[in-house]
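Engineer: Encoded as structure tokens, here's the structure I'll be asking about.
No lab work stands behind these numbers, since they all come straight from the coordinates. Here the structure is a predicted model, which is why all the values come from computation and not from measurement. Ideal geometry is used to build each Cβ from the backbone, glycine not excepted, and the neighbour counts take in all protein chains shown.
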Amino acid sequence: MKVFLDSNVIVDALVERGSSHNAAKLILALGEIGEFELWASPSQWTDMFYILTEGGKPSRRTEIKAKLQEVRKAVHVSMMGEPEIDAALASSWDDFEDAVVYQAARSVKPVVLITSNLEDYAQSEIPVYSPEGFFAWLETEQNILYAEVDF
């Protein structure tokens with residue numbers, strides 16, 4: 001199952017931020033073992049690096065690169081080019097970054113998009129879930145249940 005991840009899901013998992021961090025970590029772990037085909041756009045990797053290094057602090061670079069290298073083993077990088085940027089520019093989305101991520105997601109044709117900020121993707125034609133909502137959807141709609149895993 002192709003799953004497109006918003007940057008905040010990966011960041012939440014890595015820094016154990018927010019109430020969704022356990023579900024986000026489980027998504028990454030399941031992606032790493034091949035349960036899901038996880039995807040993110042090229043621009044998200046630079047965004048995550050910037051956020052996690054607190055604006056590019058040299059003291060954080062080595063550690064964050066290592067963490068992102070581990071995540072990259074589980075998360076594919078989508079293609080992104082002129083069609084995706086042009087579609088994002090032509091869209092009515094208020095947040096351009098979200099519009100670009102959405103267009104990159106559309107190019108992958110995922111079953112779902114997972115984000116910690118559902119309102120950012122209110123215009124999405126792709127079903128959008130929070131990390132916890134994704135597992136609830138899997139259980140109710142797909143009859144797939146993952147036991148609670150505590151990281």
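Engineer: Which order do the peptides 98-105, 133-140 take when ranked by the mean count of other beta-carbon atoms within 10 Å per residue, highest first?
Structural biologist: Values: 98-105: 24.2, 133-140: 16.1.
Descending mean neighbour count gives 98-105, 133-140.
Engineer: Using helices alone, what [θ] at 222 nm do you get for the chain, with -39,500 (n - 2.57) per DSSP H run of 4 or more residues, divided over all residues and rounded to the nearest 500?
Structural biologist: -16500 deg cm²/dmol
Engineer: How high is the relative contact order of segment 2-142, given as a whole-number percent (alpha carbon pairs under 8 Å, six or more residues apart)?
Structural biologist: Relative contact order for segment 2-142 comes out at 30 percent.
Engineer: If one computes the Cα centroid of segment 1-71 and of segment 83-129, what distance in Å separates the two points?
Structural biologist: 18 Å
Engineer: A follow-up question, please. For segment 65-145, what are Rg and Dmax over the alpha carbons, in angstrom?
Structural biologist: Here Rg and the maximum Cα pair distance are 14.2, 39 Å.
Engineer: Dividing the alpha-carbon Rg of the chain by 2.2 N^0.38 Å yields what? Intermediate results must be reported in sequence, preceding the final value.
Structural biologist: Details: Rg = 15.0 Å, N = 151, 2.2 N^0.38 = 14.8 Å.
In units of the globular-protein estimate, the chain measures up at 1.01.
Engineer: Show me the GluC sites (Glu not before Pro) within segment 1-110 that DSSP assigns to loop and that have at most 14 other Cβ atoms within 10 Å of their Cβ.
Structural biologist: 16, 54
Engineer: Any idea what log10 I(q)/I(0) is at q = 0.16, 0.17, 0.28 Å⁻¹ for segment 1-44, Debye with uniform C-alpha scatterers and no solvent?
Structural biologist: The Debye formula, applied to the Cα set alone, gives -0.38, -0.42, -1.01.
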